[in-house]
Amino acid sequence: MGSHQQEPWLLENGKPRVLTKENRHGRSAHSMSSTSLRKKSSRTLVSKLPCATLRSILLNLQEVILGTKLSILIPAIPAAIIAECYGFGRPWIFILSLLGLTPLAERVSFITEQVAFYTGPTVGGLLNATCGNVTELIIAIFALSSNKIAVVKYSLLGSILSNLLLVLGTSLLCGGIANLKVEQKYDRRQADVNSLMLLLGLLCYLLPMLFKYSGASAALTVDPSLHLSRASSIVMLIAYVVYIVFQLWTHRQLFEAEDEGEDGEDGEEEQAVIGLWSGIAWLVGMTVFIAVLSEYVVDTIEDASDSWGLSVSFLSIILLPIVGNAAEHAGAIIFAFKNKLDISLGVALGSATQIAMFVVPLCVIVAWIMGIDMDLNFNLLETGSLALAIIVTGFTLQDGTSHYMKGLVLLLCYIVIGACFFVQRTPFNNQADVTNITLKPATNAVLSA
């Protein structure tokens, strides 16, 4: 007899709905990284309740709310809402909202994987590809609605940098130290594909910036640079769609996460714990809470900047990505400890690729629809940091082996870039026009020579 009675909506042909070999092919490294933060809870007491409706509700709450090691941060969600309603200090609302977003992002990954039990591996893979960075996308959309284009650019740039340097660097460093006597290897083919996509994205970011400062007058290049950014964004979205086809259909064997022996403590097959419609309802509810907290973050980031004496650029590029994606980052590091670098690389490179090739160009298109002029010009310092991060990461992953020294170099690069934005004090009065104040005098001097 099983440990608990299976609910009717969790059964398929009278048997528990399990993660079959076919469905396992649809699991991405992103979804697998979150499994390391999940915990099983006993359902014996709840399953004895006579009322089926009450039993269903409590089982759902137990699996979704208490089924994660990050459940300790869930009280930050109502705390942030209460702080906003009762007019608490704006910096407190900012930090509570950030902490609340951390378990929400992990739970979205869990719920999309549960829905994949019923939809199959292909739709499940599409859900993971779409919802993988839903937090960054929602924050960006709210920032756009407030015409805070700088926050959009800074936060998305910070997410790419943190994935390439912080997450990947920490994973390689910890994995190398934990496996000193073992040669760490990974499949470099996946890394090659993601590196090519990132280089394409870098080209699309570089050209608007170079184009803007190549003319005799910056005013004459504003509109052409904007048009170029929108055209480049369409190209990037097309490339990302092809990348998804490449990942989920034609070459999915390159992106399969090797998870043998990770299904459970005793090696049992993973089973669905919530129903299809319950999963969809939870997904909608989580998205609503992410939207509410994202709005709080966007509204309070400048107040937090003034209160703490930190620049908005530092908070957006460094703090937002670290706290908002802490669950995903922790999962990647845990798998690196287990010498499963393919999963760690899939998390870091996959998220960076998704943000660079999907979220950023989508924000440009959404801003275009909203009548807001957002281009792909991230300014000289920011674009230069991104270019160096992509190049250093590419060199790090070129031979298919890893050791702790590679991770240390990536991590030190991130620390130097973080220090740069910590000391930077960019004027932030006009959110819609963040210009690089150091490049213009140099350009004008060259043109006048």
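Inclusion of Ala83 among residues that are at pLDDT 85 or above and in contact with a Phe, Trp or Tyr (Cβ under 6 Å, 6 or more places away or on another chain) is warranted.
So if I check each of Ile290, Ile322, which one is β-branched (Val, Ile, Thr), in a helix (DSSP H, G or I) and in contact with a His (Cβ under 8 Å, 6 or more places away or on another chain)? Only one candidate qualifies: Ile322. Of all the listed residues (Thr401, Thr393), the sole one being in contact (Cβ under 8 Å) with a residue 60 or more places away in the chain and touching a strand residue (DSSP E or B) at 6+ places or on another chain (Cβ under 6 Å) is Thr401.
Suppose we filter Ala387, Ala352, Ala445 for residues that are more than 21 Å from Ser316 (Cα to Cα) and either at pLDDT 90 or above or over 19 Å from the mean Cα position of the chain (by Cα) (or both); which single one remains? Testing whether each residue is more than 21 Å from Ser316 (Cα to Cα) and either at pLDDT 90 or above or over 19 Å from the mean Cα position of the chain (by Cα) (or both) leaves just Ala445. Go through the range 325-361 and count every residue that is part of a helix (DSSP H, G or I), polar (S, T, N, Q) and over 28 Å from Arg230 (Cβ atoms). Number satisfying all stated conditions: 1. Could you list all residues from the range 160-211 that are among the charged types (D, E, K, R) and over 21 Å from the mean Cα position of the chain (by Cα)? Once the filter is applied, which keeps residues that are among the charged types (D, E, K, R) and over 21 Å from the mean Cα position of the chain (by Cα), the range 160-211 yields Lys181, Glu183, Lys185, Asp187, Arg188, Arg189. Taken over the range 230-271, the criterion of being of a type in the set (A, V, I, L, M, F, W, C) and modelled with pLDDT under 60 is satisfied by Ala257 alone. Residue count for the range 327-345 under the criterion of being within 12 Å of the chain's Cα centre (by Cα) and farther than 13 Å from Ser109 by Cβ: the result is 0. Cβ-Cβ contacts under 6 Å between residues 6 or more apart (or on different chains), taken from a first residue in the range 140-157 that is in contact (Cβ under 8 Å) with a residue 12 or more places away in the chain to a second residue that is of a type in the set (Ser, Thr, Tyr) and assigned to a helix (DSSP H, G or I), are listed as Phe142/Ser294; Val151/Ser316; Tyr154/Ser313; Tyr154/Ser316; Ser155/Ser316.
Take the range 151-183 and flag every residue that is among the aliphatic types (A, V, I, L, M), open to solvent by 10 Å² or more (accessible area, probe 1.4 Å) and either assigned to a helix (DSSP H, G or I) or in contact with a Pro (Cβ under 9 Å, 6 or more places away or on another chain) (or both).
Correct list: Leu166, Leu173, Ile177, Ala178.
Of note, Ser313 does not satisfy the criterion of being open to solvent by less than 10 Å² (accessible area, probe 1.4 Å), closer than 21 Å to Phe110 by Cβ and either in a helix (DSSP H, G or I) or touching a residue at least 12 places away in the same chain (Cβ under 8 Å) (or both). Selection of the range 296-310 for residues being hydrophobic (A, V, I, L, M, F, W, C) and touching a Pro at 6+ places or on another chain (Cβ under 8 Å) yields Ala304, Trp308.
Of a type in the set (A, V, I, L, M, F, W, C), open to solvent by less than 10 Å² (accessible area, probe 1.4 Å) and over 24 Å from Phe88 (Cα atoms): is that true of Met370 in this structure?
For Met370, the condition - of a type in the set (A, V, I, L, M, F, W, C), open to solvent by less than 10 Å² (accessible area, probe 1.4 Å) and over 24 Å from Phe88 (Cα atoms) - is not met.
The values are calculated or read from the model by the stated rules, or taken from the named source; none is laboratory data. From a predicted model like this one, the values you see are computed outputs, not experimental measurements. In this analysis, Cβ positions are derived from the backbone assuming ideal geometry, glycine residues included, and neighbour counts consider all displayed protein chains. Only protein heavy atoms, including side chains, enter the accessible area calculation; ligands, DNA and RNA are left aside. Shrake-Rupley method; radii C 1.70, N 1.55, O 1.52, S 1.80 Å.
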